[in-house]
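Each remark here refers to the structure printed beneath this line.
The values are calculated or read from the model by the stated rules, or taken from the named source; none is laboratory data. The structure presented is a predicted model; accordingly, all values stated were derived computationally and were not measured. Heads up, the Cβs are rebuilt from the backbone with ideal geometry, glycines too, and the neighbour counts pull from every protein chain shown.
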Amino acid sequence: MNVKRLRKLEKHLRKLQLKNEAGNAKHVFNMGLWMQQDIVATKAPKLKVTRNGECKIVAAQAVCHTSACALGEAAMIPEFRRAGLRLVPDAEDGESVSFTPVFRGGSGEEAGAEFFDIETNWANWLFSPSQYRKSSSDIEPIDVARRIQVLIQEHPDTKYSG
């Protein structure tokens, strides 16, 4: 278990919760989406992957709305991007572009399990909206942060990794 990475995500989610409560979050937290950007465009968007692995929409479009879940949020943390956790475009419908987190060949919860060095069932417990007793749009960053805290405190592998 990579406790250092888990704690960094927990801290990020707690900050995001405070921004949401203050009404000044830059984007929407939604556990039903890995990450999605809605676009305004007169022609189909073009995607560009920068040298540091960020996906950018380029051309005559403007990004007007971004939504992401906890693992999508993790993939936007610069330190995690440098370590190899990425968001790759997987669908585009002319109105939005969806992205999936990937790490070392795994995607979605598998990428989360590999990146945080936890078993897939724990990654599902943290990152899958079906594992919460709320609808995906009602899950808040603090809900995931609390689960990370529980995992670190109660999981027997915590003593093995930093």
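Applying the condition of being at pLDDT below 95 and surrounded by 12 or more Cβ atoms within 10 Å (Cβ to Cβ) to the stretch 82-95 and asking which residue is nearest to MET31 (Cα to Cα) yields LEU87.
Number of residues in the stretch 96-117 that are in a helix (DSSP H, G or I) and more than 16 Å from ARG81 (Cα to Cα) equals 2. Note on the stretch 11-56: among residues that are surrounded by 14 or more Cβ atoms within 10 Å (Cβ to Cβ) and farther than 30 Å from GLN131 by Cβ, the one that is modelled with the lowest pLDDT is ALA41.
Just one of the numbered conditions (1) under 12 Å from LEU33 (Cα atoms); (2) surrounded by 18 or more Cβ atoms within 10 Å (Cβ to Cβ) is not true of PHE115: (1).
Listed by first and then second residue, the pairs with beta-carbon distance under 6 Å, at least 6 apart or on different chains, first residue in the stretch 71-95 and farther than 11 Å from ALA111 by Cβ, second aliphatic (A, V, I, L, M) and surrounded by fewer than 21 Cβ atoms within 10 Å (Cβ to Cβ), are PRO89/LEU47. Give the residues of the stretch 57-81 that are loosely packed, with under 12 Cβ neighbours inside 10 Å and modelled with pLDDT under 85, sorted by residue number. Once the filter is applied, which keeps residues that are loosely packed, with under 12 Cβ neighbours inside 10 Å and modelled with pLDDT under 85, the stretch 57-81 yields VAL58, ALA60, ALA62, CYS64.
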